[in-house]
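Okay, so here's the structure we're looking at.
Values quoted throughout were computed directly from the atomic coordinates according to the rules given, and no laboratory measurement underlies them. Please read these numbers as outputs of a predicted model, since none were measured by experiment. Using ideal geometry, Cβ is built from the backbone for each residue, glycine included, and neighbour counts are taken over all protein chains shown.
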Amino acid sequence: MKIYDVPGFPNPLRVRIALAEKGLSDQVEFVKVDLPGGEHKEEAFLAKNPSGAVPVLELGDGLFISECTAITEYVDNLDGKPILTGATPRDKAVIHMMQKRAETELIDAVADYFHYATPGLGPKIEDGKKPTWTGRDAFGRKQGERAVAGMRYFDKVLRHQPYVAGEAFSMADITVLGGLVFAGFAKIDVPEDCAALMAWRQRVQERPSVKAA
Ligand code: GTS
């Protein structure tokens with residue numbers, strides 16, 4: 001397996017944590033993509049992922065799989081013993097629901113803030129490749145506020161249960177963590193009164209998979 005990504009970037013981090021949780025990191029060849037240089041918007045990369053984003057998984061038979069959730073589902077189910085995406089229909093549904101919330105209300109909202117309300121990845125990417133419609137800054141700021149509301153939501157969830165989707169660490173936790181990492185990168189602070197979310201982050205950061213990723 002090959003993974004096209006950028007080490008340290010938030011969405012790639014999600015897949016690297018999932019691989020480490022599954023003990024598969026050393027079975028993967030990582031290929032670094034030049035994001036600030038715009039390599040991900042060139043034809044050769046768009047043939048791998050038309051969305052022009054990392055990470056992308058390449059299988060031995062030449063199939064490319066993008067989207068962190070799809071890649072995580074794949075690696076989690078390779079051995080028939082899923083630990084991140086749910087083993088029962090109920091767990092699968094709850095994990096899927098919470099991870100989607102973590103994408104929409106947190107990591108994707110932070111990404112919009114980063115790309116639309118800050119210089120983002122620099123003018124070559126942001127100005128040349130993204131729409132320049134009026135109000136994009138205001139949209140970005142609104143998405144920043146949405147991300148903070150997302151943090152408050154997950155704080156509330158974590159006051160009553162140890163992990164985002166319930167009793168066990170899952171793909172939903174990985175997505176929330178990726179969102180907080182991205183928020184740090186984009187300089188969106190976690191509200192000080194989100195004590196449960198901060199305690200959860202502290203705990204999750206101690207996992208060997210997170211330390212290794
Ligand atoms: N939903 C996608 C996924 O789950 O893989 C998001 C992928 C994504 O947005 N990746 C970012 C990217 O390639 C990298 S990161 O900064 O989010 O880690 N962005 C390129 C660009 O031009 O915006």
(message) If the only charges are +1 at each Lys and Arg Cβ and -1 at each Asp and Glu Cβ, what is the size of the charge dipole of the chain around the Cα centre, to the nearest 20 debye?
(response) 440
(message) On a 31 Å Cα-Cα criterion, which of the cross-link pairs LYS48/LYS156; LYS32/LYS187; LYS100/LYS142; LYS22/LYS48 come out too long?
(response) LYS48/LYS156
(message) I need the calculated FRET efficiency for the pair ASP193 and ASP137, taking r as the beta carbon distance and R₀ as 25 Å, to the nearest 0.05.
(response) 0.35
(message) Please return the longest range in the chain lying between exposed loop sites, taking trypsin sites (Lys or Arg not before Pro), DSSP loop only, at most 13 other beta-carbon atoms within 10 Å, and leaving the sites out.
(response) 1-158
(message) Taking the beta-carbon count within 10 Å as an exposure proxy, list PHE154, PHE182, PHE45, PHE64 from fewest neighbours to most.
(response) PHE64, PHE45, PHE182, PHE154
(request) Determine the percent antiparallel among the DSSP beta bridges restricted to the range 1-122, to the nearest 5. (result) 60
(message) How would CYS68, CYS194 line up from fewest to most surrounding beta-carbon atoms within 10 angstrom?
(response) CYS194, CYS68
(request) Estimate the FRET efficiency between ASP79 and GLU145 by the formula 1/(1 + (r/R0)^6), using the beta-carbon distance for r and 45 Å for R0, to the nearest 0.05. (result) 0.65
(message) If I model a spin label at LYS32 and GLU167 as a point 7 Å from the Cα along the Cα→Cβ vector, what separation in nanometres do I get?
(response) 4.4
(message) Test of understanding: what is the full-extension gain from ALA87 to ALA70, defined as 0.36 nm times their sequence separation minus their Cα-Cα distance?
(response) 4.5 nm
(request) Amide H neighbours of VAL33 under 5 Å, at least 5 residues apart or on other chains, H built in the peptide plane: list them. (result) ASP5, VAL6
(message) Can you compute the FRET efficiency between HIS160 and LYS211 using 1/(1 + (r/R0)^6), with r the Cβ-Cβ distance and R0 = 35 Å? Round to the nearest 0.05.
(response) 0.85
(message) Given axes a ≥ b ≥ c from the Cα gyration tensor, I'd like to know whether the chain is rounded (a/c under 1.5), prolate (a/b larger than b/c) or oblate.
(response) oblate
(message) At a 10 Å Cβ-Cβ cut-off, how would you order TYR113, TYR4, TYR153, fewest neighbours first?
(response) TYR153, TYR4, TYR113
(request) Grab the Cα-Cα distance for ALA47 and ASP61, subtract it from 0.36 nm times how many residues apart they are, and report the gain in nm with one decimal. (result) 3.5 nm
(request) Could you tell me what percent of the DSSP beta bridges with both partners in the chain are antiparallel, to the nearest 5? (result) 65
